[in-house]
Amino acid sequence: MVASEPLHHFVDDYLSFLYETHPTAATFDGVHQHDDLLENFERGAVEGAVQSLAGLARRLAAISTDSLTGAERVERPWIAAHIQGRMHELEKIRTWSATPRSTASCSA
């Protein structure tokens with residue numbers, strides 16, 4: 001049987017993805033690796049982010065709860081909901097296509 005990925009490893013990858021796709025939020029969190037970037041609201045970038053989020057959701061779902069600590073068992077559903085919420089915002093709410101600050105850089 002294949003051992004499941006440790007949750008803390010997944011969280012590190014998820015935060016890296018969030019900081020890469022939301023560099024201004026990374027700066028607010030004290031992560032300055034992406035200070036020279038801004039968010040990309042072009043359709044292709046948003047579609048790529050949705051695909052990445054779907055892959056992250058699959059990875060998270062594959063993590064066995066058997067190996068999780070009590071705190072991780074509480075955190076895992078919250079992380080899953082966070083991923084689903086981001087996907088919902090990008091695919092259904094589509095703030096990126098209607099916000100004036102982002103419409104100059106994308107075609108909705």
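Things to note:
- Test: residue in the stretch 93-107 that is in a helix (DSSP H, G or I), of a type in the set (S, T, N, Q), exposed (fewer than 12 other Cβ atoms within 10 Å of the Cβ) and at pLDDT below 95: yes
- Of Ala61, Ala57, Ala81, Ala26, all but one fail to be modelled with pLDDT of 95 or more, surrounded by 15 or more Cβ atoms within 10 Å (Cβ to Cβ) and out of contact with any Cys (no Cβ under 7 Å at 6 or more places or on another chain); the exception is Ala57.
- All positions within the stretch 29-54 that are open to solvent by 50 Å² or more (accessible area, probe 1.4 Å) and touching a residue at least 40 places away in the same chain (Cβ under 8 Å): Asn40, Glu42, Arg43
The values are calculated or read from the model by the stated rules, or taken from the named source; none is laboratory data. Owing to the predicted nature of the structure, the values given are computational and were not obtained by experimental measurement. Every residue, glycine among them, receives a Cβ derived from its backbone with ideal geometry; neighbour counts consider all protein chains shown. For the accessible areas, the whole protein counts, side chains as well, though only heavy atoms, and no ligand, DNA or RNA atoms are used. Shrake-Rupley method; radii C 1.70, N 1.55, O 1.52, S 1.80 Å.
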